[in-house]
1. Measuring from the lowest to the highest alpha carbon on each principal axis, how far does the range 270-370 reach, largest first, in angstroms?
2. How about Lys225: which aspartates and glutamates have a C-alpha closer than 15 Å to its C-alpha, ignoring those fewer than 8 places off in the same chain?
3. Enter the Cα centre distance for the pair the range 131-172 and the range 291-349, rounded to the nearest angstrom.
4. What is the gain in length, in nm to one decimal, between Arg306 and Asn271 on full extension, counting 0.36 nm per residue of separation less the C-alpha to C-alpha distance?
5. Within the set of other residues whose C-beta is less than 13 Å from the C-beta of Lys301, count the net charge using Lys and Arg as +1 and Asp and Glu as -1.
6. Residue separation times 0.36 nm, minus the C-alpha to C-alpha distance between Cys11 and Glu209: what's the value?
7. Is the shape of the range 113-167 best called rounded, prolate or oblate, per the rule: a/c under 1.5 gives rounded, else a/b larger than b/c gives prolate, else oblate, with a ≥ b ≥ c the square roots of the Cα gyration tensor eigenvalues?
8. Among the listed pairs Lys214/Lys269; Lys201/Lys269; Lys116/Lys280; Lys214/Lys346, give every one whose C-alpha distance is greater than 24 Å.
Amino acid sequence: MAGVSLKCGDCGALLKSVEEAQEHAELTSHSNFSESTEAVLNLVCTSCGKPCRSKTESDLHTKRTGHTDFEDKTSEAANPISLEVPKVADNSAGAMDVDGTSSSHPEEMVVPEVDKKLLEELEAMGFSAARATRALHYSGNASIEAAVNWVVEHENDSDIDQMPLVPANTEVESAKPSLTPEEIKIRAQELNLLALRKAEKEEEKRAREKIRQKLEEDKAERRRKLGLPPEDPATVKPSAPAVEEKKSSLPIRPATKTEQMRECLRSLKQNHKDDDAKVKRAFQTLLTYVGNVAKNPNEEKFRKIRLNNQTFQDRVGALTGGIEFLELCGFEKIEGGEFLFLPREKVNTAVLNSAGSELNSAINNPFFGVL
């Protein structure tokens with residue numbers, strides 16, 4: 001059977017055409033597509049005629065409108081997919097002259113329109129205008145959380161701090177949200193899913209490693225109490241003395257810092273568990289402070305925070321554990337407690353990287369604080 005859809009190998013989304021695949025790739029940075037014989041779901045609401053392309057979308061439509069009856073028109077809409085990219089008039093290359101030659105008229109490129117309110121909030125958190133604009137544009141102007149997650153995933157991109165540009169004659173199309181709020185949420189969920197899975201795997205890996213070490217230590221201790229010799233080194237398992245030596249080396253400063261940071265974030269989450277939005281905003285703000293120092297260690301403005309600043313108080317200062325976390329990163333109170341300041345000579349890249357990893361886990365892993 002000929003292919004009737006394109007399937008994204010990264011997230012499993014089904015797309016009806018090459019144009020949709022290109023749009024999906026632009027929004028998510030996914031690039032692994034293949035032809036599929038699985039048709040794109042087409043559930044049509046019998047009350048208002050709205051088409052829904054997934055069970056999640058139809059459930060959201062029901063929740064919003066109360067409509068519960070849908071007609072499955074998947075087979076009617078399923079047609080062999082064309083893998084040819086539609087030939088649209090290419091203004092960037094110039095129009096073809098009568099004699100078949102191309103007249104070069106470079107297309108004007110402009111900064112895409114993004115949600116100004118979200119842009120202002122991102123800039124207030126410390127993101128540059130270029131980085132904030134790029135994050136909002138490529139996350140579909142969905143939300144602050146989606147934009148911050150996009151930055152976290154793409155912070156190593158070479159063009160992360162370059163203002164994005166789009167062709168002037170496609171500006172209206174790229175300014176998107178002709179999407180419904182429900183569709184925007186679905187897009188944001190797709191974007192977050194990979195980040196969540198990655199964070200969960202890292203947290204599970206750490207938990208498994210701790211369990212493995214504890215089992216090895218207990219086994220070695222039992223052998224010692226029974227008067228048995230250490231296990232044969234040829235088994236490549238640590239002997240009892242080696243375990244004890246490792247045990248005694250655990251309280252080294254970097255490991256202790258990381259554990260203290262994780263415990264501090266868990267405490268913040270527990271103390272404010274009735275307001276998830278406030279907790280997540282605090283984690284994102286702390287990640288911004290830490291990231292700014294790590295990327296610009298010589299810039300004093302990123303290493304000095306006024307404690308009575310209202311935005312800082314609302315997002316971090318007034319929350320239990322917020323200031324303590326920054327102090328673990330190296331910040332110190334100065335000028336009678338008016339400022340938090342991180343001296344240049346005390347900037348520790350390893351500590352800041354550990355802080356960033358813990359914050360990413362706290363933001364993206366729904367099981368953070370549980371494992």
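1. Result, largest extent first: 36, 28, 16 Å.
2. The qualifying aspartates and glutamates are Glu216, Glu217, Glu244.
3. If we compute the Cα centre of each part, the gap is 27 Å.
4. 10.2 nm
5. +3
6. 68.4 nm
7. rounded
8. Table pairs above 24 Å Cα-Cα are Lys214/Lys269; Lys214/Lys346.
The values are calculated or read from the model by the stated rules, or taken from the named source; none is laboratory data. Quantities reported herein were computed from a predicted structural model and do not represent experimental measurements. Cβ atoms come from the backbone with ideal geometry, glycine included; neighbour counts cover every protein chain shown. Side chains are part of the model used for accessible areas, which takes the heavy atoms of the whole protein and leaves out ligands, DNA and RNA. Shrake-Rupley method; radii C 1.70, N 1.55, O 1.52, S 1.80 Å.
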